[in-house]
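Worksheet: one structure, shown below.
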Amino acid sequence: MNRITQLSIFENNQLGDLEKLNDVLNALPDEKLIALLEEERGKGRNDYPVFTMWRAFLASFVFQHPTVAALIRELKRNSQLREVCGFQTRIIRTKKGSYRYQLAPTEAAFSRFVKKLLQHQGLLDVMFHELVDEMYVSLDGFGEILALDGKIIPSYAKGPNQNKQEDGRRDTEANFTIKQYTTTTPSGEKVTNKKKWFGYRLHLIIDATYELPIGYELTKASEGEPTVAKRLIKALPDAQLKSCNYLLADRGYDGGPLLDEIESRDIIPIIDIKNQWKKEGPTKQYCDTDLTYTYNGKVFYVDERGQEVALVYKGYDSATDSLRYGFKPQHQDSRIFRIKREDNRRVFNKVARNSHKFKRLYKKRTAIERVNGRLDRDFLFEQHTIRGEKKMNLFVTMAFLVMLAFAKRNIQKNELGHLNAWVA
């Protein structure tokens, strides 16, 4: 925790919008990071102390500065921000022998500080997990419903460079991927478009109720989402996995291995299903019975006339791991049919795909779309100047730290509404 103690220049200590930075500094468990950076600096030059550079770097995220140059301009014209960060005006001698005031660090000074932070990504990760743990303790139901998704973050570089030597001016780690988008025209026709991206992919798990991050991994853009999803699930602590009831994801995550991994943790997957029956008929017969079903879990009874009668989901039978179906009331037929999930676990989810409960839970998946939108809009990942995987990972981590720090301060203030939205 890096508290601001000297606020005497502000009338009645009213910080205005600068209170946001104060909230973040008071919420972040950054003592170990600051202490280590100060120890590494030792007795060398200390024109700008570590804590001042750390505060200014955080300010660039809190106040949405797209570049270091924009942050420096703000520091030069905003004396209150300089005071909050702890910067002292310095008098320096120029090469021509004259003197001038130095109000803020140079871009080179910030560049060196960021390189130091890159060496301590592990400590930033520890801070992230500490804040997540506090959310589990402080918020009722936190972690019970999780959502999973991947997000492309383009590199500032437009493509690979023939020169593979790292120098900070080219991106030698990003790669290409192609994303396919399907849209429906006003006439009902489906149109498929493909777009090529050069950059990285953020794989993210969030709490779908409070819209706060729980786990993430940044990879090259081409790395598949289901593969990384399994790693993310395995990386979650056992206590967090035990508190999770449902995991939501779109159809890009549909697949047997991932579903098996989720269910092995006693978590129910609420994942949309791909249609893999396009070259087959619309329905299949269930074993040697009068029941048929569709690729997305709708179940029918075939009567003596060969007509398919839609059945209604009656609940899950845990004793036999099967789904129960029956007739609608107007048919005046009380028979109950059981479909064992082992015959097709993708189609026959523990929460039936055509049930109101499945649809209600799946709607909550939009929470992760809103989190991704905040990363683009509030943390400026839609327009950035970042090259390189390590630097991209650092900036993603900082965005999540700020997001969680605001949530923590709001909890401490007992302001539980809109924990996820901090931009006025």
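The values are calculated or read from the model by the stated rules, or taken from the named source; none is laboratory data. Note that this is a predicted model, so its numbers are computed, not measured. Reconstructed Cβ throughout: ideal geometry from the backbone, glycine too, with neighbour counts over all protein chains shown. Each accessible area value is taken on the protein alone, full model and side chains, heavy atoms only, with ligands, DNA and RNA left out. Shrake-Rupley method; radii C 1.70, N 1.55, O 1.52, S 1.80 Å.
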1 or more residues of a type in the set (Asp, Glu), at pLDDT 95 or above and surrounded by fewer than 18 Cβ atoms within 10 Å (Cβ to Cβ): qualifying helices (runs of 4 or more DSSP H) within the stretch 71-155: 121-138
Enumeration of residues in the stretch 224-245 that are surrounded by fewer than 17 Cβ atoms within 10 Å (Cβ to Cβ) and in a loop (DSSP other than H, G, I, E, B): 224, 237, 245
Residues of the stretch 188-203 satisfying the condition of being in a loop (DSSP other than H, G, I, E, B) and open to solvent by 100 Å² or more (accessible area, probe 1.4 Å): 189
Test for residue 56: is it surrounded by fewer than 19 Cβ atoms within 10 Å (Cβ to Cβ), among the aliphatic types (A, V, I, L, M) and over 30 Å from residue 250 (Cα atoms): no
Residue pairs meeting the criteria (Cβ under 8 Å; at least 6 apart or on separate chains; first under 10 Å from residue 23 (Cα atoms) and open to solvent by less than 80 Å² (accessible area, probe 1.4 Å), in the stretch 398-419; second in a loop (DSSP other than H, G, I, E, B) and of a type in the set (Ser, Thr, Tyr)): 407/210
Only listed residue being under 20 Å from the mean Cα position of the chain (by Cα) and polar (S, T, N, Q), chosen from 245, 275, 296: 245
Qualifying position, being under 17 Å from the mean Cα position of the chain (by Cα) and farther than 24 Å from residue 270 by Cα, among 333, 376: 376
Failed criterion for residue 172 (all others in (1) in contact with an Asp or Glu (Cβ under 8 Å, 6 or more places away or on another chain); (2) open to solvent by 80 Å² or more (accessible area, probe 1.4 Å); (3) polar (S, T, N, Q) hold): (2)
Members of the stretch 251-271 found to be farther than 18 Å from residue 142 by Cα and open to solvent by less than 40 Å² (accessible area, probe 1.4 Å), listed by number: 252, 253, 254, 255, 256, 258, 259, 261, 262, 263, 271
Among (1) assigned to a loop (DSSP other than H, G, I, E, B); (2) of a type outside the set (Lys, Arg); (3) without any contact (Cβ under 8 Å) to a residue 12 or more places away in the chain, the one test that residue 159 misses: (3)
Criterion violated by residue 383 - all others in (1) crowded, with 17+ Cβ neighbours inside 10 Å; (2) touching a residue at least 24 places away in the same chain (Cβ under 8 Å); (3) not acidic (Asp, Glu) satisfied: (1)
Where residue 392 falls short, out of the listed (1) open to solvent by less than 60 Å² (accessible area, probe 1.4 Å); (2) in a loop (DSSP other than H, G, I, E, B); (3) farther than 27 Å from residue 145 by Cα: (2)
Any chance residue 32 is assigned to a helix (DSSP H, G or I), open to solvent by 20 Å² or more (accessible area, probe 1.4 Å) and modelled with pLDDT of 95 or more: yes
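For the stretch 296-322, enumerate the residues that are β-branched (Val, Ile, Thr) and open to solvent by 30 Å² or more (accessible area, probe 1.4 Å).
Quick first cut of the stretch 296-322, residues β-branched (Val, Ile, Thr) only: 299, 302, 309, 312, 320.
Within the stretch 296-322, 302, 312, 320 meet the criteria.
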Unmet requirement for residue 65, which otherwise passes all of (1) assigned to a loop (DSSP other than H, G, I, E, B); (2) open to solvent by 60 Å² or more (accessible area, probe 1.4 Å); (3) of a type outside the set (D, E, K, R): (2)
